[in-house]
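Enquirer: Sending over a structure as structure tokens; questions will come in a sec.
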Amino acid sequence: IAGITQAPTSQILAAGRRMTLRCTQDMRHNAMYWYRQDLGLGLRLIHYSNTAGTTGKGEVPDGYSVSRANTDDFPLTLASAVPSQTSVYFCASSDLGLAGSNTGELFFGEGSRLTVL
Amino acid sequence: QKEVEQNSGPLSVPEGAIASLNCTYSDRGSQSFFWYRQYSGKSPELIMFIYSNGDKEDGRFTAQLNKASQYVSLLIRDSQPSDSATYLCAVRRGFQKLVFGTGTRLLVSP
């Protein structure tokens, strides 16, 4: 079982370029998330999706967009990358069943390290 | 005020000692509380969750929750060098928002 697969693992990108980080899960979880992790700031939620076809904004959504066309895929797009978007990006998923029916545990991908020059 | 606060550390303990990691949160409506462990260069993984006031034990790990004082702690008994990692406290409101603290780095020396 692969769990959550992120690609690319690492990328160096010129400022102003468009970039899509891919995320695929095989656990049939209904909810998916994108976090960025920066030293001293911890994990911050960028966007989330509670179910296929719906998305929502997290704590730091500016400069990012997401789509959720199906249950398994949740790509994150940087339309025009800026140096402040240099970070490690984690995709995660969880099973948001009925209240009390699950822990709400997040399962994380291995991360995508993005450097914007 | 940050929603979830942790001391960044590092917290240094000798092998075999008890490591005590603390976390405070600001939203009294928070419903569930999680401790994740993150090794350097790796992704976070869940080690404990707790919903109710009191203690919850799982092997060498004990999570403690005090909603009146708005803090949650993680105790690691018989600490091992393999426990050296960053421990992230996370707090959940509703279904869609899990808020993480910045993490406490734990160093267990042989």
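The values are calculated or read from the model by the stated rules, or taken from the named source; none is laboratory data. Quick caveat: nothing in here was measured; it's all calculated off a predicted structure. Glycine also receives a Cβ, built like all others from the backbone with ideal geometry; neighbour counts cover every protein chain displayed.
Enquirer: From B:Arg37, B:Arg92, which residue is within 17 Å of A:Ala92 (Cα to Cα) and modelled with pLDDT under 95?
Expert: Being within 17 Å of A:Ala92 (Cα to Cα) and modelled with pLDDT under 95 holds for just one of B:Arg37, B:Arg92, which is B:Arg92.
Enquirer: Right, here's the next one. Out of B:Gly94, B:Gly41, which single residue is at positive phi, within 12 Å of another protein chain (Cβ to nearest Cβ) and either in contact (Cβ under 8 Å) with a residue 60 or more places away in the chain or among the polar types (S, T, N, Q) (or both)?
Expert: After ruling out the rest, the residue left standing is B:Gly94.
Enquirer: A:Ala69 - would you say it is among the small types (Gly, Ala, Ser), out of contact with any His (no Cβ under 8 Å at 6 or more places or on another chain) and modelled with pLDDT of 95 or more?
Expert: Spelling it out, A:Ala69 is indeed among the small types (Gly, Ala, Ser), out of contact with any His (no Cβ under 8 Å at 6 or more places or on another chain) and modelled with pLDDT of 95 or more.
Enquirer: Quickly run through region B:100-110 and pick out the residues that are in a loop (DSSP other than H, G, I, E, B) and either farther than 17 Å from B:Asn7 by Cβ or in contact with a Pro (Cβ under 6 Å, 6 or more places away or on another chain) (or both).
Expert: Within region B:100-110, B:Pro110 is the sole residue that qualifies.
Enquirer: Continuing with this model, one more query. Looking at B:Ser20, is it touching a Ser or Thr at 6+ places or on another chain (Cβ under 7 Å), of a type in the set (Ser, Thr, Tyr), over 21 Å from A:Phe107 (Cα atoms) and at pLDDT 95 or above?
Expert: yes
Enquirer: Can you pull out the strands (runs of 3 or more DSSP E) entirely within chain A that have at least 2 residues that are of a type outside the set (A, V, I, L, M) and free of Cβ contacts under 8 Å to residues at least 60 places away in the same chain?
Expert: A:19-25, A:31-38, A:42-49, A:64-66
Enquirer: Examine region B:46-61 for a residue that is among the hydrophobic types (A, V, I, L, M, F, W, C), more than 12 Å from chain A (Cβ to nearest Cβ), touching a residue at least 60 places away in the same chain (Cβ under 8 Å) and under 17 Å from B:Val108 (Cβ atoms), and state whether such a residue exists.
Expert: No, region B:46-61 contains no residue that is among the hydrophobic types (A, V, I, L, M, F, W, C), more than 12 Å from chain A (Cβ to nearest Cβ), touching a residue at least 60 places away in the same chain (Cβ under 8 Å) and under 17 Å from B:Val108 (Cβ atoms).
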